[in-house]
Structures are given as structure tokens and as C-alpha cells.
Amino acid sequence: MHSADGSTPFLLRVGGLTRVGLLEALRTAGVLLNASAKSLLEHVVFDDVEIEDLQIVERNVGELGFPHGATLSELLNAARERGLHMCPTPTGPYLRLSMFDQEAAPDPIMSSGRAPSGSLTVASAPLRNDDDYPKGFYLRVVDGVPWLRGYVCTDEHIWSAHDLLAFRLR
């Protein structure tokens, strides 16, 4: 299970469900999806996901050495230098299903051109080289409801020092 402050690695089992089974598990758990998350979940990467146990750790942008923010490519490079790696794309939904203790967001604003307050972005490789296609998932709880949301951004987007990301340890 995941640590209260996210600094301690935690074990996450990813895979083992069909796409239909994963969508049903999310629905049964009361997880809401935005259109971008639904688009991501339609990708073939969610077909026959092998079971894999991952060590997950959370770091904010400032902890990666960017007190004034950074682009996603800068963040991923700095993370790699610290032994942190991108998560497999299917990690997002499985992480959402395991993290029902995530703190509620301090505000209900869902989309504002930045990572929403109280969100945890799953660091993963984009499925397409297309700035209009969702890059990946983030988790958020708004008004007591768990969300799995996809996000769209360009590499010019500057992530704030307090934005929180989930990485994999090798």
C-alpha cells in the first residue's frame, strides 16, 4: 500500500485484468473518468496486460531539482538521474484502484492549463507523438469522488514546483 506522504516506495500490482474487467473495476469502485482517460483506455496497450509488481514512489517537481518548475522532458531526465523511471502506461488505472486514501483536492477546478491542485500525475511515456492526444493519467479526488483523468500538454508546458508525480523504481 502507499505511504501517507508518498516518499516511501510502495508496491503496486499492475495488470491481470482485461480492458473490460479494468473498466468494470473502476466503475464498481466509483471512479469517474474524463474523456481523455477514456481515450487512453481505448488504446491496445490495455489489451492483455501482464501482471507486474512495481515499486512506486512520489516526488514533486521541486524535489527533482526544479524549485521554479520545469518541462516534462526536463523532469523525466532529472528523475532518471535519480534512479526514477517512467511507469508502464497501464499503471494509472491500477494506481487509482489502490489509492482510495488520496487526500481530497482543495478546490474542484478540473482543467486550468496546469496540473490541478491535489493531483498525482503518473509519469509514463506518451502513447502517440501528438500534442492533441492525451499524454497520460493523473489521479485526483474531488468532493469525495475519486477521478482517473487523462491530460494533454506540450513539452513547453512548465510544471510547478509543487506538482506531484508517481515514478517507478527499478
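Throughout, read-outs are computed from the coordinates displayed, never taken from laboratory work. Since we're looking at a predicted model, the values are computed, not measured. Heads up, the Cβs are rebuilt from the backbone with ideal geometry, glycines too, and the neighbour counts pull from every protein chain shown.
The distance between label points at GLU103 and ILE158 comes to 2.5 nm (points 7 Å beyond Cα on the Cα→Cβ vector). Could you check what % of the DSSP bridge pairs in the chain are antiparallel, to the nearest 5? If we restrict to bridges inside the chain, about 80 percent are antiparallel. As a check on your grasp of the helix formula, calculate [θ] at 222 nm for the chain: sum -39500 (n - 2.57) over DSSP H runs of n ≥ 4, divide by the residue count, round to the nearest 500. Mean residue ellipticity at 222 nm (helix-derived): -5500 deg cm²/dmol. Applying 0.36 nm per residue to the separation of VAL20 and ALA35 and subtracting their alpha-carbon distance, the gain on full extension is 3.7 nm. In a DSSP loop and with at most 15 other Cβ atoms within 10 Å, the GluC sites (Glu not before Pro) in the stretch 63-170 are GLU103, GLU156. Dimensions of the stretch 120-170 along the principal axes, based on C-alpha atoms and rounded to the nearest Å, stand at 34, 28, 22, largest first. Label separation (ASP143 vs HIS43): 3.0 nm, computed from points 7 Å beyond Cα along the C-beta direction.
Highest GNM mean-square fluctuation among GLY83, GLY136, GLY118, for the chain modelled with Cα contacts below 10 Å: GLY83.
Exposure proxy ranking for ILE51, ILE56, ILE158, based on other Cβ atoms within 10 angstrom of each Cβ and starting from the fewest, stands as ILE51, ILE158, ILE56.
Full extension of the chain segment joining GLU50 with THR28 gains 5.7 nm, where the gain is 0.36 nm per residue of separation less the Cα-Cα distance.
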